[in-house]
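Here is the structure we will look at, set down as structure tokens.
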Amino acid sequence: MIALIQRVKQASVKVDDRIVGQIEQGLLVLLGVEQGDDEQKAQRLCDKVLGYRIFSDINEKMNLNVQQVNGSILVVSQFTLAADTKKGMRPSFTKGANPTQANQLYEYFVKLCQQHITTQTGIFAADMQVSLINDGPVTFWLQV
């Protein structure tokens, strides 16, 4: 599983010109599911996302996680994160999980996050427009 996380001042996701998820300070989590991913990987990735220390402490050092700053997360499914871009000029998506498995693990990841922090979402497999104010900018690729 892959999470591209961005520290944000605010983020939202729209489907059909309607906001379906919105947060203020926190993390935008673009989530990709690959073949072979399972609930154990989802748990490890959730723990990593929630515990990753990328928010500034009083000394302006990245030392706090999203929970410690009373932030929220916005999780958006992003199958393109699983693309193989090593050859040619067109991405291959053969490493990505099939849509049924990807949706199940996306929902499981969201459920895990909701147990610990305010969590908003996009709509799986929808055509979404994501808006954000990246704080920093600070962006990290996490993979388990």
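Read-outs throughout are calculated quantities, based only on the coordinates presented, and are distinct from any laboratory measurement. Everything numeric in this text was worked out from a predicted model, so none of it was measured. Cβ placement follows ideal geometry from the backbone for every residue including glycine, while neighbour counts extend to all protein chains displayed.
So what is the calculated 222 nm ellipticity per residue for the chain, using -39500 (n - 2.57) for each DSSP H run with n of 4 or more, over all residues, to the nearest 500 deg cm²/dmol?
It lands at -6500 deg cm²/dmol.
Once amide H atoms are built 1.01 Å from N in the peptide plane, which residues 5 or more positions from GLY26, or in another chain, come under 5 Å H to H?
Here VAL8, SER72 satisfy the definition.
Rounded, prolate or oblate: which fits the range 77-144 when a ≥ b ≥ c are the square roots of the eigenvalues of the alpha-carbon gyration tensor, with rounded for a/c under 1.5 and prolate only if a/b beats b/c?
Oblate.
Where nothing but the Cβ of Lys and Arg (+1) and of Asp and Glu (-1) is charged, how large is the charge dipole of the chain around its Cα centre, in debye to the nearest 20?
That gives the chain a dipole magnitude of about 340 debye.
With no solvent and one point per C-alpha, what does the Debye sum give as log10 I(q)/I(0) for the range 2-134 at q = 0.10, 0.14, 0.19 Å⁻¹?
-0.33, -0.63, -1.08
I'd like the antiparallel share, as a percent to the nearest 5, of DSSP beta bridges with both residues in the chain.
75
Can you give the angle from 0 to 90° between the axis of helix 39-51 and the longest principal axis of the chain, with both taken from C-alpha atoms, to the nearest 10?
Rounded to the nearest ten degrees, it is 30.
Restrict the search to the range 21-105; then list the chymotrypsin sites (Phe, Trp or Tyr not before Pro) that DSSP places in a loop and that have at most 15 other Cβ atoms within 10 Å of their Cβ.
Within the range 21-105, the qualifying chymotrypsin sites (Phe, Trp or Tyr not before Pro) (loop, at most 15 other Cβ atoms within 10 Å) are PHE93.
Report the Cα centroid-to-centroid distance between the range 1-76 and the range 86-140 in angstrom, as an integer.
Measuring centre to centre over Cα atoms gives 10 Å.
With label points built 7 Å along Cα→Cβ from the Cα atoms of HIS116 and ILE58, find their separation and express it in nm.
A separation of 2.6 nm, rounded to one decimal place.
Measure nothing but the geometry: give the 0 to 90° angle between the long axis through the Cα atoms of 99-114 and the longest principal axis through the Cα atoms of the chain, rounded to 10°.
Computed tilt is about 10 degrees.
Once you place label points 7 Å from the Cα toward the Cβ at ASN103 and VAL130, how far apart are they in nm?
Taking the two extended label points, one gets 2.0 nm.
Within the chain, how many lysine pairs that are 8 or more places apart, or on different chains, have C-alpha atoms less than 25 Å apart?
13
Starting with the fewest neighbours, write out GLU107, GLU39 ranked by other beta-carbon atoms found within 10 Å of each beta-carbon.
Least to most surrounded, the residues fall as GLU39, GLU107.
Taking R0 as 35 Å, what FRET efficiency do you get between ASP38 and ASP17 from their Cβ-Cβ distance, rounded to the nearest 0.05?
Calculated value: 0.45.
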